[in-house]
1. In region 34-42, is there at least one residue being polar (S, T, N, Q), touching a residue at least 60 places away in the same chain (Cβ under 8 Å) and touching a helix residue (DSSP H, G or I) at 6+ places or on another chain (Cβ under 8 Å)?
2. When you go through I97, I93, I89 one by one, which is the residue that is aliphatic (A, V, I, L, M), in contact with a Leu (Cβ under 8 Å, 6 or more places away or on another chain), touching a residue at least 12 places away in the same chain (Cβ under 8 Å) and not assigned by TED's automatic domain parsing to the domain that holds V20?
3. Pick out the one residue from I89, I138, I147, I130 that is outside any helix (DSSP H, G or I), buried (at least 19 other Cβ atoms within 10 Å of the Cβ) and of a type outside the set (S, T, Y).
Amino acid sequence: MATRKLTKRGTRRRVQLLEVAYRLFAEQGYHRTTIADVCDALGVGKGVFYWYFESKEVLFVELLQGSLRALRRSQQMAIRGLSDPCERIEHGIRASIEFFRADPGFLALIRTAARYEEFSSYVQRGQQVIAADTAVHIKEGMEAGSIPPGDPALMAHGILGAIFHFVEVYFGTEAEASFRRPQLAEEAVAFCMHGILGAHNADQL
C-alpha cells in the first residue's frame with residue numbers, strides 16, 4: 001500500500017486505530033482479535049481501517065516494531081551523558097525493566113509475536129539491535145579494564161535474555177502485576193553486573 005499523505009484528522013484517526021488495536025492484541029491475542037473488533041471498539045467501519053492499513057498483519061507489525069524502537073529509545077535516554085560503560089549498562093537494564101513495568105501490554109505483544117513464525121523474526125531483529133548496543137558498552141568496559149575479558153556479544157545476549165526472563169516471570173498483562181516486585185530493576189542490575197564483572201568486582205558496585 002502506498003503511503004498516504006494524511007491530514008491532522010487522518011493522523012489522529014490512524015493513531016486511534018493503533019492504540020485500540022494495541023490494547024486488544026494485548027488483551028485477546030493476535031488471532032482472536034479481528035479487524036471488526038478494532039473497528040467496533042472505535043465505532044468506525046472496516047473501510048476506515050483499510051484506508052490506513054492494508055491488513056491486520058501490517059498493523060501488528062507496525063505496533064511491534066514501534067514498541068521495540070520505543071524500548072531502545074528509553075535505554076538510550078537513560079544512558080545519555082554517562083561516560084562510564086558499567087554505568088551505562090546498569091542504567092540501560094533499569095530502563096528496560098521500568099519500560100516493561102510501565103507498559104505490560106508490550107510483554108503481551110512480544111509473547112504473541114514470538115509464537116508465530118511470521119512475526120518472530122521482527123522480535124529477533126529488535127533484540128539483536130539492542131544486544132549490539134549493549135555489546136558496545138561491554139567492549140568499552142573491557143578496553144578500560146573495568147570488565148574482565150570475554151565475548152561482548154555473548155554477555156550482551158545474556159543480559160538481554162535475563163531481562164526478558166525476569167519480566168516474563170514477574171510481570172503480567174494485568175496492570176497490577178507489574179507492581180508486585182518493585183525492586184526487580186535493582187535485582188536485575190545486581191544479577192547481570194555480577195555476571196559480567198565477576199563476584200569480586202560486582203561486590204564493589
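The values are calculated or read from the model by the stated rules, or taken from the named source; none is laboratory data. Every value quoted in this text rests on a predicted model; they were computed, and no experiment measured them. As a convention, Cβ positions derive from the backbone with ideal geometry for all residues, glycine included, and neighbour counts pool all protein chains shown.
1. The first filter runs over region 34-42 and keeps only residues polar (S, T, N, Q), leaving 34.
Filter once more, so that each one left must be touching a residue at least 60 places away in the same chain (Cβ under 8 Å): none.
No: zero hits.
2. On the way: I93 fails: in contact with a Leu (Cβ under 8 Å, 6 or more places away or on another chain); I89 fails: in contact with a Leu (Cβ under 8 Å, 6 or more places away or on another chain).
Selected residue: I97, the only one of I97, I93, I89 that is aliphatic (A, V, I, L, M), in contact with a Leu (Cβ under 8 Å, 6 or more places away or on another chain), touching a residue at least 12 places away in the same chain (Cβ under 8 Å) and not assigned by TED's automatic domain parsing to the domain that holds V20.
3. Details: I89 fails: outside any helix (DSSP H, G or I); I138 fails: outside any helix (DSSP H, G or I); I130 fails: outside any helix (DSSP H, G or I).
Of I89, I138, I147, I130, the one residue that is outside any helix (DSSP H, G or I), buried (at least 19 other Cβ atoms within 10 Å of the Cβ) and of a type outside the set (S, T, Y) is I147.
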